[in-house]
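The values are calculated or read from the model by the stated rules, or taken from the named source; none is laboratory data. Please read all numbers here as calculations on a predicted model, not as lab measurements. Heads up, the Cβs are rebuilt from the backbone with ideal geometry, glycines too, and the neighbour counts pull from every protein chain shown. These area figures cover heavy atoms from the full protein model, side chains too; ligands, DNA and RNA do not enter into them. Shrake-Rupley method; radii C 1.70, N 1.55, O 1.52, S 1.80 Å.
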Amino acid sequence: ACDLAIPRDLSVTGFDDIDKSLVASLSLTTVRADLGGLARAAIDFLVSPGTTGSSRAEIEVETELIFRGSSGPAPPATR
């Protein structure tokens, strides 16, 4: 049997904070992205001259780490 406990032994995080009811019931720590900024960047990319179906882009958007019950402090270092 596995005796790991969250967040004592292992922290778990999600991304996008999409299903708030699920996140709330699990008390899941999550990263929330600026979806409006992501949408604007995607549209700007798609309408840019020279963009093709095989083009790739790297963009940065604002994010926020929302701490909830599924993450805890790092355990003390052992040697």
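Net charge within 13 Å of Glu64 by Cβ-Cβ distance, Lys/Arg positive one each and Asp/Glu negative one each, not counting Glu64 itself?
-2
Applying 1/(1 + (r/R0)^6) with R0 = 30 Å to the Cβ-Cβ distance of Arg40 and Ser11, what FRET efficiency is obtained, to the nearest 0.05?
For Arg40 and Ser11, the calculated efficiency is 0.40.
Can you give the accessible area of Leu46, probe radius 1.4 Å, in Å² rounded to 10?
120 Å²
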